[in-house]
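Novice: Handing you a structure now.
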Amino acid sequence: MGQLRIVLWAYVSEGHSPATAMTRASTFLHELDTERFATCTYVEVDLSTGALQIVRAGHLEPMVRRVDGTCAALDTEGGLPLGISNGAERRGGTAYPLTRATLDPGETLLIYTDGLVERPGATLDEGLDRLAAAVRDGPRDTQELADSLGDLVGEHGGGDDMALLLMRRESAPRAR
């Protein structure tokens with residue numbers, strides 16, 4: 001994972017688009033011939049406009065809590081997990097479609113792994129519904145929301161790892 005993170009960072013630092021960087025990182029992992037793969041969501045955010053560029057590789061769709069408190073998945077196209085080739089890169093293309101969206105002032109973006117929503121004996125849709133309800137009814141403060149979502153896993157987790165990233169776009173610029 002460390003190598004993959006460095007490779008992805010290097011491609012982005014060279015100025016490649018998010019979709020190209022993900023395709024090249026996937027090719028790198030595939031060519032290591034380890035039979036390993038990784039899921040990933042890559043998001044570039046313009047902090048002044050809220051413009052998002054999202055590329056998904058086998059990850060669940062991000063979720064957004066709107067200003068009115070409603071919460072829903074952010075409709076994004078996705079590709080295969082990194083390390084699993086679909087041949088697009090050999091044809092000079094990208095294996096990962098880019099989705100553009102906007103995070104409006106006061107909205108919160110959630111990116112998370114399946115360990116937050118999967119439960120033994122429950123469907124993925126049930127887990128996503130449970131997460132959306134917890135986000136909708138949860139605190140507005142991102143740190144408090146992260147803590148409450150961590151508590152949601154509690155003892156009912158399926159033994160999978162869990163990662164969560166929250167980003168809330170401020171309604172008005174803060175003073176420095």
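Novice: Does Leu82 satisfy being touching a Cys at 6+ places or on another chain (Cβ under 7 Å) and over 29 Å from Asp151 (Cβ atoms)?
Specialist: yes
Novice: Follow-up question, since we're still on this one. Kindly provide the set of residues from segment 120-145 that are surrounded by 16 or more Cβ atoms within 10 Å (Cβ to Cβ) and part of a loop (DSSP other than H, G, I, E, B), ordered by number.
Specialist: Of everything in segment 120-145, just one residue is surrounded by 16 or more Cβ atoms within 10 Å (Cβ to Cβ) and part of a loop (DSSP other than H, G, I, E, B), namely Gly138.
No value in this document is a laboratory result; all are computed from the given coordinates. Since the model is a prediction, treat every value here as computed from it, not as a measurement. Reconstructed Cβ throughout: ideal geometry from the backbone, glycine too, with neighbour counts over all protein chains shown.
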